[in-house]
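Trainee: Here it is, the structure in full.
Read-outs throughout are calculated quantities, based only on the coordinates presented, and are distinct from any laboratory measurement. This one's a predicted model, so the numbers in the text were calculated from it and none came from an experiment. Positions of Cβ are backbone-derived with ideal geometry, glycine not excepted, and every protein chain shown enters the neighbour counts.
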Amino acid sequence: MRLRKVQNLAQEIMDEVNRTKEARDTELLNLVIDNLSRAVVDATDPSGHYSIEYLENKVGNAHSLLFKKKADNRVSAK
């Protein structure tokens with residue numbers, strides 16, 4: 001069940017990034033990519049040792065960064 005939540009967050013990130021052709025904040029995208037990359041590296045550890053907490057944290061951080069910025073942009077446009 002926990003991996004399903006991580007998967008859903010990752011899919012929402014993917015959908016949001018591909019949703020629009022608007023220019024995006026490069027620094028924000030770098031942070032999102034960094035968090036996702038770290039999660040993938042941990043999950044693909046050849047020794048088979050990975051932490052579900054680490055995956056949840058990194059994917060959750062990436063999701064929060066992307067969607068918090070989106071919400072902030074909507075508020076500032078009003």
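Trainee: With each run of n ≥ 4 DSSP H residues scored as -39500 (n - 2.57), what mean residue ellipticity at 222 nm is computed for the chain after dividing by its residue count and rounding to the nearest 500 deg cm²/dmol?
Mentor: Mean residue ellipticity, 222 nm, calculated: -27500 deg cm²/dmol.
Trainee: Going highest first, how would you order 16-22, 27-33 by mean Cβ packing within 10 Å?
Mentor: 27-33, 16-22
Trainee: Taking the highest mean first, how do the peptides 60-69, 6-15 order by number of other beta carbon atoms within 10 angstrom per residue?
Mentor: 60-69, 6-15
Trainee: Compute, for the chain, the length of the dipole vector about the Cα centre, with Cβ point charges of +1 (Lys, Arg) and -1 (Asp, Glu) only. Units Debye, rounded to 20.
Mentor: 360
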